Structures are given as structure tokens and as C-alpha cells.
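Remarks on the structure that follows.
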Amino acid sequence: MSSVPFTVLESSTFCVSDECGDICEPHEGFFHEDTRFLSRFKLTIDGALPLLLSSGRVDYYSAAFWLRNPVTESLEQDELSISRRRFVSRVAMQEQIDVENHTNRRLTFAVGLELEADFADIFAVKQYDLALGDPSRALPLPPSAVPVGDPQTGELVFVDPGEFPARMRVMLSSWGEVDRGTLRYEVELAPQERWRLRVDLIPSVTGERRAPESGERQFGEELTRVGESLAVWELRVPRLRAAWDDLQHTFERSVSDLASLRMNVDGLEQLPAAGVPWFMAVFGRDTIITSLQTMLFGPELAETALRALADLQAREDDPSIDAEPGKIVHEVRHGKAAQAWFSRYYGTLDATPLYLILLSEFWRWTDNVELVASLREPALDCLAWIDRYGDLDADGFVEFLRRSDHGLTTQSWKDSWNSQLFADGTLAEAPIAPCEVQGYVYDAKVRTAELARVVWRDRTLADRLEREAGELRDAFDRAFWCEERGGYFALGLDRDKRQIDSLCSNIGHLLWSGIVKPDRVDAIVDQLMGESLWSGWGVRTMSTADAGYNPLTYHNGTVWPHDNALIAWGLARYERWPEAHRIIRRMLNAAGYFDHQLPEVFAGFSRSDTPFPIRYPTASSPQAWAAGAPVLLLRILLGLEPDPGAHALKTRAPELP
């Protein structure tokens, strides 16, 4: 049976299985705190796999799988129905298995359940997903633990055989024959009779043994809590009624997906994780952009992000994790992943200026001067990092250069190792100054100058930041502008200050930041909507005319919904409404082919060549800034922008498309 990703989640606890509910493949499992607690969970009838009838997600935290029996020596076709109902809470997973006899005769058969726990860290498991079936490209996985069974309590206990203290309790509603992690139940059912087994899986990264009420009572309370949390979220966010079905359904799916990605971090439940399955963690850049995209929902996500990221802001210079004072965190990990790799990692160039942009946008929407005043010091630390550490050679541009032995070599949003290519396909060498990050810094200084003048009442700082922003805009135009191909901005500058001259979607972010001078706008818009970048489904990450272009390479030719949403926001900033509306229409049209759930990324094939957008094999789904993209697209469609001076929300759009 082929395995397709099927995920249910709540906070940082989630389960990835196939469409029948089994966990059999190396990239599947039950995960908690970035550690895989269950690496195998296979149901059999008389030793054979049940056959799929239908499966589906009930809510983001629960799913149901309906199966029928295989033909065996004791069973004819379709004599049994098997249902698996799965619920994931932030602290555990429960599965209820029901087997029902639909015949008029007594049936005798065996139910088998195979369980294994390898306590692998999430990075090792992730490699099997990225290896696409080639184990030689993946990291070795640890051996499975040998469980200890106790028929008196109905428990199997798996303990990590290494130095990590993790353990998992498997609580069974009835005890069968147990051979290591394999359970076997001899079942005899009268006509129309049903057999039931409940399995509760209780993980602990510390090895702490929780109270016995972790069974039915705890799961009932957890189910109530999760349901109430979702209900409160749905009541808080705006409701949409639209005649345009793709808009209506995609917006509704975004509301659900963003609810599913909310994490509990130090008691703050409104912080969005980056994406399922491998990025259920705090990511500075992703969290900030998702918060920017979803201001239409209200300020809760943004406020939580601003507070949490300020707490995580680097205080010391630590090359092992690419940290410098004032820098905003890139990624936070827990459990075994934190032990094996890092708990905090700061290898991102853009999260720090984006933090300042989010702080400004939050103030513009809320006029919450108290929060902005309380975050003055973290904001000033961000500015200090940009000037002291971000600009490595004092040339006025911020650059990235990895210092950590195991960090990211590329530290802008296109963070794959091969994304920084010249037009001839040659790989650029760091330090690299990415074009879009210069735009972010420009926008951050313009916006922070406004905060300094209006909220902090620091006119000296405001004047300095405005002067520096103007100087950066002029210097950027001189250093990054390429006259070839009709004119465009280079992807970046390499270590020798040569223009990395590939034509990429990053130029659309420059429109969003406002760093593009008026006389350059027409050329940039023409490039974005020209046939080499425009696929018909959206703007590609790289032009088809560049040697590095590949419609199936992560950052060199694919289409990213969040990227296109920011480009549309930039087009709207310069009042290029027809082009902005074109992106909005195509993004929402594409969403319809993905069950109205925009994935992280899809292939960059031309719309004229494919009747529908082509799925990218390892795309996260749901993914935070992909889920946030439709919310931002709706805002752009309506032309909604806050006017802090008038304390009003105004529309700039001349008309709806």
C-alpha cells in the first residue's frame, strides 16, 4: 500500500500516518516536543492489512479511518468493518478501534497491533521525507526500544535506551498476547456484535510518569479544551460571505489551518508554528510574516509574536548558534532535537528587520502605545544589531555569513544551499547581501522613525533613521540595479560585491518594502508579470531564462503562495491594481485544486502546459505563511490599510476585480 501523508495535530504534538491510519514508513510517526515517540503503529486482521474504505480529518486534532477486512482463511470479503478514531491533544494521543461483524454468522479472527518506539529526533526523521525513498541520503535512525508490559495495569512502557530520559506509556483498555511491541487479540464476534480497543499514548520527554487519570478522564477533558479553544478562535476572527467560492472556501480553510498551527509557548497559545510536519516550532521569520499577513484577524497573533520573540532575542555573541546581541531568533527546538542539534538557533538575516516592521504594523492597527513603549529596548537592540553585526563590512548593506558548524549556509528566506545563483548557474559565495533584506531594513528604519517620533518622542532618533533610510535607498539603487533584460534588481551581492544577476521573485518584496524608486517601478512590474517569471499560476521564484531554473527545485523556479501574497501587497503599495488582482485570482484559483488549502510551495510549470497546479513532493501543509496568504490577499483585494492618524481603517482599492 502506498503511504500518503495524513496528519492530525494539536500544538507541538502531532501524528503522521498513511491513509489507513498506519505508521509504517520512516518519515511517519507520533511526535511530541520534536521527538518521535511512536515509529510504528500497524493494525492487522488475521495478519493482513485491512482495506481502505474512506478516511478524513474530522478536525485538525482528530481523524477517522474506515476500513474493511482483508480476505483470509476465516473471513470472506466485507464481513467486518473496522473504524479507527484518532484524537491528538497537546500532551497525548488516543485511538479507539472498533471492529463490527456485519454477517449472520459467528466470526473468529485475530486483531494485531504492532508498536515500536525509536525516540528519534525530528531532524533525523525529516531527512527520510526529503530523501524521497532513498535511505542512503538520510541520517541513520536509532534502534527501537524494548517495551516492558504489565497486564495488571494494562500498560506497555517504552523507555529510550540511550541517555535521553524520554519514555512513553501505552495504556490499553484490554490486554492481549504480547510479544515485545506486538499485541495479538483472539476475537470472537456474534452476528452484529462489536469489539472495541482503546489505546492511549502518553509521551514524556523528561521521563516523568503522569498520574493514572491520563486515560479516559484526561482525554475527555483534553477534547473539551481543544474544542473550546477552536470555538473561541472561530468566534474571534472575522467571518466572510462571498459569491466567489474559491475565496470563501480558501479563507475558511485558512482560519482552520491557522487555528491548528497555534502553539503553547510559555503559556502563550496564539503563537503560530511554521508548518506541518517538520516545522511545528517557533520560527522567527515565519511567525512574523504570518502575523503581518493576518492583521485582519485582529492583533492577538502579532502581540504574542512580538512579546515571545523579544524574550528570545539574543543577548550574547555565540558563534555556535549564529547569535549576536539584538538578533531575532530563527528557530526554537525542544526535546531530543534540542539535545542533538540546538534549542535556539539565530541563523537568519531578515527576522530582525521584520520584527521592527511587525512592531510598526501592530501599532498602526491598534494604537497600542503601551506595548510599543514596553518593547522600545528590544526594538533599539534590533537597530543596533542591523548596524553593528548585520553590516559585516560597513558598506551600508546587511550580509549573512554562517559561523556555526552546523547552521544554515543561506540565511535569507530562500534558505536552501543552492538558492543564491548567478544567471549562468554559478553558486555565489558568502558573505551575501540579499536584495529583499535591504528592502526590509529600509522599511524597518522608515517605520521605526515613525514610532520614535510619535510614540517614543525621540526626534533625534527619528531624524537619524529617516536619513539612514534615504541613504540606503540611494545606495541600493546604485549597487543592485541591472540594466540587462529590460532592467531589474539583482538577487544579491556576493563576497566580492558582484551582482548575483539571476532574475528572481525577490524583486517583488522590494515593492512591498517601498525601496523601489518611482522610475524603476514599471520595469519591475513588467519583469514580475512577464512570461519568464509569471507561470500563469503565480510568480516563480526564478526566471525560466536563468541557467539555475527548475520548476521542481525548492527555491529556483517553484511558486510560493506567501511570496506571491507579499508581491501583491507591493503591487498594491504602488497602486498597480490590475497586476495585484491577477495574482490574487490565480492564487485562489490554484487553492481550489489543493482542496482550498494552499501548500507551502508548488511547482513552477506554466499554466498553459498543466491543467492544474502541480504539487511539490515535500511541501508542508498546512504551513503558516501559506495559510496566512489568503487572509492577506483578501485585505489587498479590499484595499484595507490602517490610518493611525485618523484612528480608522480605510480602503485604497479603486474597485473590486
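The values are calculated or read from the model by the stated rules, or taken from the named source; none is laboratory data. The shown structure was predicted, so the numbers you read here are calculated from the model rather than taken from an experiment. Every residue, glycine as well, gets a Cβ built from its backbone with ideal geometry; the counts of neighbours run over all protein chains shown. Please note that ligands, DNA and RNA were not included when accessible areas were found on the heavy atoms of the full protein model with its side chains. Shrake-Rupley method; radii C 1.70, N 1.55, O 1.52, S 1.80 Å.
For the chain, find the longest principal axis of its Cα atoms and tell me its angle to the long axis of helix 300-312, 0 to 90°, nearest 10.
Rounded to the nearest ten degrees, it is 80.
Express the Stokes-Einstein translational diffusion coefficient of the range 527-599 in µm² s⁻¹, to the nearest whole number, given a Kirkwood radius over alpha-carbon pairs, 20 °C and a viscosity of 1.002 mPa s.
On the way: Rh = 12.4 Å.
For these conditions, the coefficient is 172 µm²/s.
Nearest 10 degrees, 0 to 90: what angle lies between the long axis of helix 577-592 and the longest principal axis of the chain (Cα atoms)?
Helix 577-592 sits roughly 10 degrees off the main axis of the chain.
Just going by the charge dipole of the chain, with Lys and Arg at +1 and Asp and Glu at -1 on Cβ, which of Leu632, Ile500, Tyr346 is farthest out on the positive end?
Toward the positive end, the furthest listed residue is Leu632.
Quick one: grab the alpha carbon gyration tensor of the range 251-398, order the square roots of its eigenvalues as a ≥ b ≥ c, and give me rounded if a/c is under 1.5, else prolate or oblate depending on whether a/b is larger than b/c. Present the calculation step by step, with values, prior to reporting the outcome.
Numbers: a/c = 1.89, a/b = 1.17, b/c = 1.62.
It comes out oblate by the Cα gyration axes.
What is the angle, in °, between the Cα long axis of helix 459-480 and the longest principal axis of the Cα atoms in the chain? Nearest 10 is fine, range 0 to 90.
90 degrees
In deg cm²/dmol, rounded to 500, what helix-only [θ] at 222 nm does the chain give when every DSSP H run of at least 4 residues adds -39500 (n - 2.57) and the total is split over its residues?
Values: 16 runs with 210 residues, N = 657.
My calculation for the chain gives -10000 deg cm²/dmol from helical runs alone.
How large is Rg/Rh for the range 564-618, to two decimals, with Cα atoms and a Kirkwood Rh? List each step's numbers first, then the result.
Details: Rg = 12.2 Å, Rh = 12.1 Å.
A ratio of 1.01.
Calculate the translational D of the range 448-552 in whole µm² s⁻¹ from Stokes-Einstein, where the hydrodynamic radius comes from the Kirkwood formula applied to all Cα pairs, the temperature is 10 °C and the viscosity 1.306 mPa s.
Working: Rh = 15.4 Å.
D = 103 µm²/s.
Could you grab the relative contact order for the range 147-192? Cα pairs under 8 Å, six or more apart, rounded to a whole percent.
Working: 49 pairs, mean separation 12.8, N = 46.
Relative CO of the range 147-192 lands at 28 percent.
On average, how much accessible surface per residue is there in the chain, in Å², for a 1.4 Å probe, leaving out ligands, DNA and RNA?
Numbers: 24960 Å² over 657 residues.
Using a 1.4 Å probe on heavy atoms only, each residue of the chain averages 38 Å².
For the pair Arg464 and His647, how long in nm is the line joining their label points, each one 7 Å along Cα→Cβ?
3.3 nm
In the range 233-264, which residues have a backbone nitrogen under 12 Å from the label point lying 7 Å from Leu640's Cα in the Cα-to-Cβ direction?
Counting only backbone N, you get 237-241.
Multiply the residue separation of Arg239 and Ser320 by 0.36 nm, subtract the distance between their alpha-carbon atoms, and state the gained length in nm to one decimal. Can you show the working numbers first?
Details: separation 81, 0.36 × 81 = 29.16 nm, distance 4.59 nm.
Stretched fully, the Arg239-Ser320 segment lengthens by 24.6 nm.
Give the calculated FRET efficiency between Asp519 and Glu221 to the nearest 0.05, with a Förster radius of 56 Å applied to their Cβ-Cβ distance. Mind showing how you got there, number by number?
Values: r = 63 Å, r/R0 = 1.12.
E between Asp519 and Glu221, to the nearest 0.05, is 0.35.
Suppose a student asked you for the relative contact order of the chain, using Cα pairs under 8 Å spaced at least 6 residues apart; what percent would you report?
Working: 1425 pairs, mean separation 64.6, N = 657.
Result for the chain is 10 percent.
How much of the accessible area of the chain, probe 1.4 Å, is carbon plus sulfur, in whole percent?
Values: 11980 of 24960 Å².
Carbon and sulfur: 48 percent of the exposed surface of the chain.
Using θ = phi - 60° and the Karplus relation 6.51 cos²θ - 1.76 cosθ + 1.60, list the HN-Hα couplings for the range 613-627 in order, rounded to whole Hz, with x at every Gly or Pro.
Once θ is set to phi - 60°, the couplings for the range 613-627 become x, 9, 5, 8, x, 10, 5, 6, 7, x, 9, 4, 7, 6, 5 Hz.
Could you give the spread of the C-alpha atoms of the chain along their three principal axes, from largest to smallest, in whole angstroms?
83, 52, 50
If you average over every viewing direction, what projected area does the convex hull of the Cα atoms of the range 368-494 give, in nm²?
Details: hull surface 37.8 nm².
In nm², the orientation-averaged hull projection of the range 368-494 is 9.5.
Normalised by the residues of the range 252-337, what does the relative contact order come to in percent, with Cα pairs under 8 Å and at least six apart? Write down the numbers at each step before the final one.
Details: 102 pairs, mean separation 19.0, N = 86.
Reported relative contact order: 22 percent.
Given a cut-off of 23 Å, name the pairs among Lys445/Lys517; Lys336/Lys414; Lys517/Lys650; Lys327/Lys517 whose C-alpha atoms lie farther apart than that in the structure shown. Spell out each step's value before the answer.
Working: Lys445/Lys517 17 Å; Lys336/Lys414 27 Å; Lys517/Lys650 25 Å; Lys327/Lys517 29 Å.
Correct reply: Lys336/Lys414; Lys517/Lys650; Lys327/Lys517.
So for the pair Val454, Glu188, with labels modelled 7 Å out along Cα→Cβ, what separation do we get in nm?
Here the answer is 7.9 nm between the modelled labels.
For the range 423-501, what percent of Cα pairs sit more than 18 Å apart?
Working: 1543 of 3081 pairs.
Cα-Cα pairs of the range 423-501 separated by over 18 Å account for 50 percent.
Calculate the all-directions average of the projected area of the range 362-435's alpha-carbon convex hull, and give it in nm². Working shown, then result.
Working: hull surface 29.2 nm².
Quarter of the Cα hull surface area: 7.3 nm².
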